[in-house]
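Coordinate-derived values only; no laboratory data. A quick note: this is a predicted structure, and the numbers were derived from the prediction, not measured. Cβ atoms come from the backbone with ideal geometry, glycine included; neighbour counts cover every protein chain shown.
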Amino acid sequence: FCNNGSSGVPNGKDNLNSNFYEVYANYLTEFVRWYNEQELFSEP
């Protein structure tokens, strides 16, 4: 997903490869959908 293969860049520029914008948007959408469907739980 990243332009330089790292999770960050020293100057704070966008590091997400533009070829993966749609794939990453779908990933985030699915994660948010999954997160919203989770039930609260109580630890013992």
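Quick notes on this structure:
- Within the stretch 1-16, residues that are without any contact (Cβ under 8 Å) to a residue 12 or more places away in the chain reach partners that are assigned to a loop (DSSP other than H, G, I, E, B) with beta carbons closer than 9 Å, at six or more positions or on different chains, in the pairs Asn4/Asn15; Ser6/Asn15; Ser7/Asn15; Gly8/Asn15; Val9/Asn3; Val9/Asn15; Lys13/Asn3; Asp14/Asn3.
- Scanning the chain for residues that are in a loop (DSSP other than H, G, I, E, B), loosely packed, with under 11 Cβ neighbours inside 10 Å and aromatic (Phe, Trp, Tyr) yields a single hit, Phe41.
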